[in-house]
Amino acid sequence: MKHEYKILYVPPSGTTAYCQHAWIAYVDDTCVGHIHMEVEANQRIKFLDAWVHEDYRRQGIYRKLWDTRWDFIHKDEEYGGFIVYAWCKPMSLPLLLDNGFVEGDTCIYVEKEIRKLSSNELCFVSC
Ligand SMILES: CC(C)(COP(=O)(O)OP(=O)(O)OC[C@H]1O[C@@H](n2cnc3c(N)ncnc32)[C@H](O)[C@@H]1OP(=O)(O)O)[C@@H](O)C(=O)NCCC(=O)NCCS
């Protein structure tokens, strides 16, 4: 079933939590999806944090949010000549390729649990 949703634009206010532009898709006052963008130094823009709630996926919400952000950066001359980039997962990559982005390096996720060193474990000490 396709859901009716609206999109809210949240401009960056400059506070720590809101240094990014955000587009929020919402249904009945609840966020069901979002995307963000951050304007960086040297005329670069990072697209980030694409997410759609599992119950609302494959209904075109990500595509709609993406197009809204795309229109925003093209609507006046402010971002002309900037480079736009993103780190993608396989699910979000096709939309970027469709829009003319060129594939760069592959990034691999790694993780490790933080464990307490036992008291008799040797620890290298350096000043
Ligand atoms: C990726 C994500 C945002 C897509 O949201 P969505 O609203 O379901 O996407 P849409 O319905 O607008 O689909 C847009 C395009 O994305 C691609 N896509 C979306 N879901 C996909 C899937 N499960 N497998 C492969 N491609 C997929 C397709 O190219 C699709 O176009 P199509 O419907 O014409 O085939 C959503 O699955 C999600 O939140 N995933 C978890 C978080 C995540 O991985 N975020 C990306 C961080 S880089």
Just to check I understand the Karplus step: with θ = phi - 60° and J = 6.51 cos²θ - 1.76 cosθ + 1.60, what whole-Hz values come out for the range 64-70, glycine and proline as x?
5, 4, 4, 5, 5, 5, 5
Magnitude of the charge dipole, the range 6-98, Cβ model with Lys/Arg +1 and Asp/Glu -1, debye to 20:
240 debye
Cα-based shape type of the chain, given that a ≥ b ≥ c are square roots of the gyration tensor eigenvalues and the cut on a/c is 1.5:
prolate
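Can you compute the helix-only [θ] at 222 nm over the chain? Use -39500 (n - 2.57) per DSSP H run of at least 4 residues, normalise by all residues, nearest 500 deg cm²/dmol.
-4500 deg cm²/dmol
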Full-stretch length increase - Thr30, Lys46 - with 0.36 nm per residue and alpha-carbon distance subtracted
3.2 nm
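Neighbour counts of other C-beta atoms within 10 Å: give me Ile7, Ile61, Ile114 arranged from fewest to most. Write out the running numbers ahead of the final one.
On the way: Ile7 17, Ile61 23, Ile114 4.
In increasing order of surrounding Cβ atoms, one gets Ile114, Ile7, Ile61.
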Sort out the exposed loop trypsin sites (Lys or Arg not before Pro) in the chain (DSSP loop, at most 15 other Cβ within 10 Å) and tell me the longest stretch that has none.
3-56
Find which of Cys107, Ile24, His34 sits farthest along the positive direction of the dipole of the chain, computed with +1 on the beta-carbon of Lys and Arg, -1 on that of Asp and Glu, about the Cα centre.
Cys107
Using a Förster radius of 25 Å, what is the FRET efficiency between Asp67 and Val102 based on their Cβ-Cβ separation? Nearest 0.05, please.
0.80
Which residue, Cys31, Cys88, Cys107, has the most motion in a Gaussian network model of the chain that connects Cα atoms within less than 10 Å?
Cys107
Fewest-first ordering of Met37, Met1 by Cβ atoms within 10 Å yields Met1, Met37
So which GluC sites (Glu not before Pro) in the range 1-62 end up in coil per DSSP with only 14 or fewer other C-beta atoms within 10 Å?
Glu4
Per-residue HN-Hα couplings for the range 89-98 [Karplus 6.51, -1.76, 1.60; θ = phi - 60°; Hz; x = Gly/Pro]:
9, x, 5, 9, 4, x, 5, 6, 5, 4
Check Gly33: other-chain or 5+ apart residues with amide H under 5 Å from its amide H, H built from backbone geometry?
Ala25, His53
So which of Lys2/Lys89; Lys64/Lys112; Lys6/Lys46; Lys75/Lys112 end up more than 32 Å apart, counting from Cα to Cα?
Lys64/Lys112; Lys75/Lys112
Under a crude label model (7 Å from the Cα following the beta-carbon direction), how far is Ile114 from Thr15 in nanometres?
2.7 nm
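Taking the number of other C-beta atoms within 10 Å as the exposure measure, put Ile83, Ile108, Ile35, Ile45 in order starting with the fewest.
Going from sparsest to densest Cβ surroundings: Ile108, Ile83, Ile45, Ile35.
Read-outs: derived from the displayed coordinates by stated rules, not from any lab. Small disclaimer: the values here were computed from a predicted structure and weren't measured. In this analysis, Cβ positions are derived from the backbone assuming ideal geometry, glycine residues included, and neighbour counts consider all displayed protein chains.
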